[in-house]
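Bear in mind that the values in this text are calculations on the coordinates, not laboratory data. All of these numbers come straight from a predicted model, not from anything done at the bench. Virtual Cβ from ideal backbone geometry, glycine too; neighbours counted across all protein chains shown.
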């Protein structure tokens, strides 16, 4: 049986050190833009590069969150960020926007794409579509229970074309009653332009 990967969120340098010292296998973090974790400090390009080096020195993988919807005039910048992160040896990129995913696939040959929980994938049919698009991992919708997650994983294991697809699930669920990635309350109450909550 494959080892379970413990993945922790990182909002600043102190948090990165703490989760590494406490045994995480991998972390996810983002730039200051296009990141659903907007209440964290987040990182500029040089900070992210240094954090990737530090994590790798400690045998910890780093995944980049580019997991918001990307507007038309933002696509070029979001793609440039993905390209730079891959140059800096990021281990994977979490995305919500299907257009950004397609652009990453077109422009970065070795990108390891992960479907963010913001995509609200709730069944094996969604996993199949993302697999066909070249995604290597799907973070299932937080609203699923253990039985539903297990059923989706079993279909993936039984389907020879999908048995290498990695399935990720949040163990603590969400703190909001809305479906992850489908709520625009923050855009109303906090003047944010997309689903940039404290995910």
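Sorting 15, 156 by the number of Cβ atoms found within 10 Å of their own Cβ, with the fewest placed first, yields 15, 156.
Taking square-rooted eigenvalues a ≥ b ≥ c of the alpha carbon gyration tensor, is region 1-143 rounded, prolate or oblate, where a/c under 1.5 means rounded and, failing that, a/b exceeding b/c means prolate? It is oblate, given that a/c is not under 1.5 and a/b is not larger than b/c.
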